[in-house]
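Any read-out appearing in this document is the output of simple, stated calculations on the displayed coordinates, not a laboratory observation. Every value quoted in this text rests on a predicted model; they were computed, and no experiment measured them. Here the Cβ positions follow ideal geometry from the backbone for every residue, glycine too, while neighbour counts run over all protein chains shown.
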Amino acid sequence: MYAYILRRILATIPVMLIVAFIVFSLLYLTPGDPAAVIAGEHATAEDIARIRANLGLNDPFLLRFGTWIASIMQFDLGTSLLTNMPVSQMIGQRIEPTLSLMLPTLILAVCIAVPLGVIAAWRAGTKVDHFITVFAVLGFSVPVFVVGYALVWSFSLKLGWLPVQGYAPIGQGVSRWFQHLVLPCLTLSSAYIALITRITRTAVLEVLQQDYIRTAEAKGVGRHAILFVHALKNASVPIITVIGIGVALLIGGAVVTESVFAIPGLGRLTMESILRRDYPVIQAIVLLFSISYVLVNLLIDIAYTFVDPRIRY
Amino acid sequence: MSAIDTSASGFLKETTRYPTVIAGAILLGIILLIAFLTPLLSNTDPSYIDAARRAQSASASHWFGTDMLGRDLYTRVLYGAQVSLIVGFAVAVLSTIGGLAIGLMSGFVKAIDAVVMRFMDGLMSIPAILLAVALMSISKGSVTNVIIAITIAEIPRTARLVRGTVLSLREQPYVEAAVAGGTRLPTIIFKHILPNTLAPLIVQATYVCASAMISESILSFIGAGVPPVIPSWGNIMAEGRALWLVKPFIIFYPAVFLSITVLAINLLGDGLRDMLDPRNAQRTTSR
């Protein structure tokens, strides 16, 4: 088992390098002079030259890639075009709100979605199943910011239960932090819940048709034990896979959720950087999120060996 | 292998057994009609600014009210349907063609497979919306560039799907028989493999279409999408954000239209998936 885990960890390194290479070469993929696009319509030749120098567009491609990778290894993500601050420092200031948003969302979504999917599979074809399925299709179709505005409109504006927007750092009191995060977490989790519910339903439904489930029923194992021990355990590989893949949804959704709720996190920083055309910051955020995504999926791969001892590649 | 009646009348009869296909198709038909008939449904210019009537609620002359510059919201939301549908369909078609080409190649040529699929793995590790954001931040905002950016982000998934299908089809006895019989590679690809990848591809294309529409609205909403002069649903919502606490309706109308359109396409995709699944066909015919 440890050999498998070690091999998975080693296999992640080339993937990360490829990701870094793609993120780096995006700048060279676009037609025309990216420095001129970033500088905008009213830029002087000096502005463009400064941006070219900052992005390293004057150097040969491979040399630039090499130095870029080397500096990333030392946590140097470049300097902002606008504030001249180190990008790593800008990201460091914004990381807490994003983590406060994403981690509870992930836990909340899994705790809601997996039981929903199991119930839908157990009650397949009944009203309960149809209701859950419709809910899942809706959750997948209604864009994140629409969910956000709908929640704010009903719970903050009409009922006045929760703050409309903003963020309170966890250091300033847990209850204020919690109040500010309830709606953003619910918003962000909507599509994720829908995704996990769907896959859980399909996976559990397939397992429930297996012979060993009939055997378990025949020997008198209780409903709950069959559903949550026999069925869920054997259906867990596709479920945890989709939990990992769905993190991409969370990352994309965080950008939008943070801008709807004015949460000063990495998503908000992305949006501000787009408006200011601050490419080094965008590049660093894309790289950071992508590497985290690769790492999450590495953890998922390792988790397979715990839920399914048959997996040995 | 499959019990699906492939004639046109058989297809229609088959469709009636899947209510989600019908519901999705009707909803999508309505949105398509709105997009095609926009000039008939409203004779107002979507960018005409009536400074005296800013951010007004719905009235007889402005059915959905006006936005913060006094433009007619009803007209703008109708025009927004065109942008969403163009982006959705263009991305679905382009990423299907691109994914099909890449998937077929890497499914058949081992040398290409190793390199291309590692690259696709890398692309898939970058969350799609962030990849599109990064691409848009270094290109000029235009509908074409939005389509290209979202297509690049969507291609890897389609390519993987095609490759997986090709790899499993290649092992099928009828393909082996064709190879043994000396059939040329292009004939094998286009006559024996391609038709069998179509069903999953069509289903995938509907999901790509729906997700492209959401991506477009997100890109426009955060200012990395189509230029603000074009009335897309994402842009209308982005503009409505400043006034949204007092005038929530500016965001409400495009939001509802966008959600209904995406829902319609997802319903269609879900229904088609069940309909085109040969296992389901057998199950229902043997009943």
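Some notes on this structure:
- Förster radius 35 Å - calculated FRET efficiency between B:Leu198 and A:Ile112, Cβ distance, rounded to 0.05: 0.45
- Working note: Karplus 6.51/-1.76/1.60 with θ = phi - 60° gives region B:247-253 the couplings 10, x, 5, 4, 7, 4, 5 Hz, where Gly and Pro are set to x.
- Percent breakdown of C-alpha pair distances by 20 Å bin, ordered from the shortest bin, for the protein assembly as shown: 18, 52, 28, 3, 0
- The A:Glu217 and B:Leu33 beta-carbon pair, evaluated with R₀ = 51 Å, returns a calculated FRET efficiency of approximately 0.50.
- A:Ala225 versus B:Val109: modelled label distance in nm, points set 7 Å from Cα along the beta carbon direction: 5.8
- Amide H contacts of A:Thr79 (H built 1.01 Å from N, under 5 Å, at least 5 apart or other chain): A:Val87
- Taking every residue in B:222-232 and counting other chain Cβ atoms within 10 Å of its Cβ, the average works out to 2.
- Part-to-part distance (alpha-carbon centres) for region B:112-186 and region A:48-114, which is given in Å: 27
- Arranged from fewest to most other beta-carbon atoms within 10 Å of their beta carbon, A:Arg8, B:Arg76 become A:Arg8, B:Arg76.
- Principal-axis tilt of helix A:279-307 within chain A, Cα atoms, nearest 10 degrees: 30
- Other protein chain Cβ atoms within 10 Å, averaged over every residue that makes up B:258-267: 4
- Hull volume per residue, based on the alpha-carbon atoms of chain A and their convex hull, is 183 Å³.
- Pairwise Cα distances in region A:46-120 exceed 16 Å in 68 percent of cases.
- Protection-proxy order for peptides B:25-36, B:240-251, each taking the mean of Cβ atoms within 10 Å per residue, highest first: B:240-251, B:25-36
- Choice from A:Thr202, A:Thr67, A:Thr257 showing the highest fluctuation, given a GNM over chain A with Cα pairs closer than 10 Å: A:Thr67
- q = 0.16, 0.21, 0.25 Å⁻¹, region A:180-263: log10 I(q)/I(0) [Debye, one scatterer per Cα]: -0.68, -0.89, -1.09
- Charge dipole magnitude, Cβ of K and R +1, D and E -1 - region A:94-307, Cα centre, debye nearest 20: 360
- Cα gyration tensor, region A:75-194 - rounded (a/c under 1.5), prolate or oblate: prolate
- Ordered by the count of other Cβ atoms within 10 Å of each Cβ, fewest first, A:His224, A:His130 give A:His224, A:His130.
- Residue-normalised convex hull volume from the C-alpha trace of region B:9-278: 149 Å³ per residue.
- Expected-Rg normalisation [2.2 N^0.38 Å, Cα atoms] applied to region A:2-73: 1.51
- Over region B:73-201, the alpha carbon radius of gyration divided by the compact-protein estimate 2.2 N^0.38 Å works out to 1.30.
- Length added when fully stretched, A:Arg123-A:Asp33, from 0.36 nm per residue minus Cα-Cα: 26.6 nm
- Dipole-positive endmost among A:Gln172, A:Gln210, A:Val147 within region A:108-211 (Cβ charges, Cα centre): A:Gln172
- Ellipticity estimate at 222 nm from DSSP helix runs (n ≥ 4, -39,500 (n - 2.57)) divided over the protein assembly as shown, nearest 500: -24000 deg cm²/dmol
- Per-residue Cβ neighbour rank within 10 angstrom, fewest leading, A:Val281, A:Val242: A:Val242, A:Val281
- Under a Gaussian network description of chain A, with springs only between Cα atoms under 10 Å, the residue in A:Asn84, A:Asn297, A:Asn54 that fluctuates furthest is A:Asn84.
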